Every structure is written in structure tokens, then in C-alpha cells.
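Asks: Dropping the structure in here first, questions after.
The values are calculated or read from the model by the stated rules, or taken from the named source; none is laboratory data. Keep in mind that what you see is a predicted model, and the values were worked out from it rather than measured. Every residue, glycine as well, gets a Cβ built from its backbone with ideal geometry; the counts of neighbours run over all protein chains shown. The accessibility values were calculated without ligands, DNA or RNA, using every heavy atom of the protein model including side chains. Shrake-Rupley method; radii C 1.70, N 1.55, O 1.52, S 1.80 Å.
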Amino acid sequence: MVLLARYVVTPWEVEGDVDYKRLMTEFGIQELDDRLLERIRRQAGGLHPFLSRRIFFAHRDFGRVLDQYDQRDPFFLYTGRAPSGHTHLGHLVPWIFTKWLQDAYGVELWFQFPDDEKFLFKERLTLEDTNRFTEENMLDVIALGFDPKRTHFLIDTRHAGIMYREALRVAKRITFSQVKSSFGLTNEANLGQVFYTAMQAVPAFLPSVLAGKSLPCLIPHAVDQDPHFRLSRDVVGKLGYDKPASIQCRFLPPLEGTSGKMSASADSLATIWTVDDERTVRKKVNKYAFSGGRDTVEDHRRLGGRPEVDVAYQYLTFFEEDDTKLRKIHDDYAAGKILSGELKGILVEKLVGMLGRHQDAREKARNKVDSYLYTP
Ligand code: TRP
């Protein structure tokens, strides 16, 4: 009997138990293999845990941009955040990694805030809402410590003057039926939704336009964004620029279980926001984090916990950077030495420390925004 995992991964929806192996075949993306990791280790002088733990697990053309880097043709980074609300823990994952790449390779970063996207795709959001969330989300990005001299924010409605011309060049080369089949849009989709992917393509080559020559581009992103770049890679190539390369990560699971991804909807009680205080984080983890512990303490001591399904443990694989500590937590939990409640306590401590530092940096970011916004 063949059991087919049921899941959906599109830029607008992630549901079910994602089979990442199968997703690679479906999307036509390559596994980030040991050879590539070895190359990064040599060039960057080490590996971020997101790489060694395969949280970033797939790519397109990553080897090519590393070749170019070796030939003194450095890539620029491009990533983004569509402002639909506050930032949560899952959003931070690709950004933390992007910051590591910026430092390790000493490269420029272009960061897009497509306020148009969430306005078009979320019935409830006005343009005023998405503008307001852009301001909030920028603070979270700045708080991660990106180098202001090498980081350039693009806000679609604000930078429309330089972006729209380039979006037109993209849009002319993509048909309605391509957009429908790539994103699962129907005839009921509004006009803006059909056009939007052209705007998301722009930062992949705008720096080349501005520089007057083709620059290699590397896009770190969560794997659900791949359909955008699958469509636009060829188009960017046809416009005479390097096809953008990408490196792609898994989703932070929701607290309640290991399928899907942490919900960004404002009414989700189990989402941990970057602005949550200690009490709130503790309450959410204790109440909602799916446990791999056993029914009774006695059973737990005898049989041991199951780290592979325990969400507190899964979160530590994202946020506990120390491999030795993580291994010990894993082994002690699996051996029944640590109880589920204790494991949650370890996670809460980790998150509270991390978020405390983030929130301080976030406050300090308020008067730094101007130095990150792109000005021609
Ligand atoms: N569409 C992304 C989102 O929903 C935002 C985004 C724009 C993005 N450009 C990007 C994400 C490039 C990753 C890489 O959040």
C-alpha cells in the first residue's frame, strides 16, 4: 500500500505534512549536498547551524554563484517580507540566515517589502494597514543587525518609480495562463494578483540595472516562494541578466504540531510574535507546544520522550545554536531523563533571551530606518 502524504505548498498557503524530498522533485530544486556545504565551509570559514542541520535544504544554481564569487564576481543577496501583520518567529529564520550570509561573504543585500502584495491578497487589509506593518516589520529586520551601508530596503509603493519600469519588462514576458498554473489562481483572481509576481521579480535584477552590468543574485527564502522565481528566472535571463540563484529553507512548524507552518494570522493564539513578552511566550509554549512526552511520568522515565515529534525540541533545532548542548538535550529527553515540562522550560528560556535582545534592538531601530531605505 502506498500512503501519499497530503500537503499544499504555494506562496499563499502551506498546509499538511510537507514531504520535502518530494517537494524537491515537484519544484525541480536541487538538494543542498555535502559537497556544496563543504565549499561554503571553506569560503565562509564555517557553517551556520541552519546549513549543517539542513534547515536550508535546497537550492537553484547555488554552485554557480559560488563559482562566480571565487572568480571575484560577488553576488548580491535579495530577500523580502510582505507586511501582513507583526513578525513571528518563523519569519526570522530566513532573515537570520541572510544576515549570516551578508557577514560571511561581505555582500550587499536588497530587501523588498511588497506592501502591494498583502493588500491585493488579503481581503481584510487596506493600503494604510500594509504601510503601517511595513514600518513595524522594518524594525524587525533592522534589529537583526544587517549592515546599513550594504543593505537597501525597497518598498513597492514607495519605490514604484524605479520598480514599475522593470516590472513591466517582466510582465510582458509572462502570460496569464502561466501565472494561473504556477500559483493556482483562478479566473476570479483580481487584476493586481495576476501582475504581482512581476514586482517580486524586480529586485532580482534591479541592482544590475542600476549598476549597468549583470550582477549575480542569490535569494535566500522559505521554499513556498519558489514558484515566483521559477517563473521569473527565465525571464530575467531573457532580459540579459544572470538568472537569480536561490537557497531555500523549511518552515518553522506551528506550536501545535509538526505539519504546516507557524500561522501569521493575527487571531492565532499559538503564534509567537517578536513583540511577545516573557509571560506570553511561557504561556504559549506551555499551553500549545505539542509534546513528544509520554502519558505518565513513569512511562516517560521508562520509555523516554520522542524528540522527533516534540515541537519544543524541534524549535530548539532552529534556535539552539550550540550543537553539543542540543545533542545532550536530545539524548536526555529520549532517555527519559528530561520531562516534557522541563524541555519546554529550556525552550522558553532560549526564546525569552533571544526575544529580549531582539526587542531592545528593535526599539533602537526606530531612528535608523532612513539609513536602510534605498535612495537613488
Ligand atoms: N512574498 C513574500 C512574502 O509573502 C515577500 C517577498 C518578496 C520575498 N520578495 C521576496 C520573500 C524575496 C523571499 C524572497 O512574505
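Asks: Quick test for you: out of Arg279, Arg306, Arg233, Arg302, pick the one residue that is among the charged types (D, E, K, R), open to solvent by 30 Å² or more (accessible area, probe 1.4 Å), touching a Gly at 6+ places or on another chain (Cβ under 7 Å) and assigned to a helix (DSSP H, G or I).
Replies: Only one candidate qualifies: Arg302.
Asks: Kindly list, by first and then second residue, each pair from a residue in the range 117-130 that is among the acidic types (Asp, Glu) to a residue that is within 16 Å of the ligand (Cβ to nearest atom), limited to pairs with Cβ atoms under 6 Å and residues at least 6 apart or on different chains.
Replies: Glu117/Ala82; Glu117/Tyr196
Asks: Give Lys261, Lys284 a once-over and let me know the one that is in a helix (DSSP H, G or I), under 30 Å from Leu125 (Cα atoms) and open to solvent by 10 Å² or more (accessible area, probe 1.4 Å).
Replies: Answer to the selection: Lys284.
Asks: Next question, about the same structure. Restricting the search to the range 65-83, which residues are part of a loop (DSSP other than H, G, I, E, B) and either open to solvent by 10 Å² or more (accessible area, probe 1.4 Å) or assigned by TED's automatic domain parsing to the domain that holds Leu347 (or both)?
Replies: Within the range 65-83, Gln71, Arg72, Asp73, Pro74, Arg81, Ala82 meet the criteria.
Asks: I'd like the full set of residues that are more than 9 Å from the ligand (Cβ to nearest atom), in contact (Cβ under 8 Å) with a residue 12 or more places away in the chain and charged (D, E, K, R), limited to the range 224-253.
Replies: Once the filter is applied, which keeps residues that are more than 9 Å from the ligand (Cβ to nearest atom), in contact (Cβ under 8 Å) with a residue 12 or more places away in the chain and charged (D, E, K, R), the range 224-253 yields Asp226, Arg230, Arg233, Lys238, Asp242, Lys243, Arg250.
Asks: Being part of a loop (DSSP other than H, G, I, E, B) and open to solvent by less than 10 Å² (accessible area, probe 1.4 Å) is the filter; apply it to the range 195-223 and report the residue that is nearest to the ligand (Cβ to nearest atom).
Replies: The qualifying residue nearest to the ligand (Cβ to nearest atom) is Phe205.
Asks: If you go through the range 84-107 one residue at a time, how many are under 23 Å from Phe319 (Cα atoms) and either in a loop (DSSP other than H, G, I, E, B) or of a type in the set (Ser, Thr, Tyr) (or both)?
Replies: Matching residues across the range 84-107 total 5.
Asks: Considering only residues of the range 64-120 that are within 30 Å of Asp276 (Cβ to Cβ) and among the acidic types (Asp, Glu), which is nearest to the ligand (Cβ to nearest atom)?
Replies: Taking the candidates together, the pick is Glu117.
Asks: I'd like to check which helices (runs of 4 or more DSSP H) are fully inside the range 108-180 and have at least 2 residues that are farther than 28 Å from Pro74 by Cα.
Replies: Because the criterion is at least 2 residues that are farther than 28 Å from Pro74 by Cα, the helices (runs of 4 or more DSSP H) in the range 108-180 that meet it are 115-121, 127-143.
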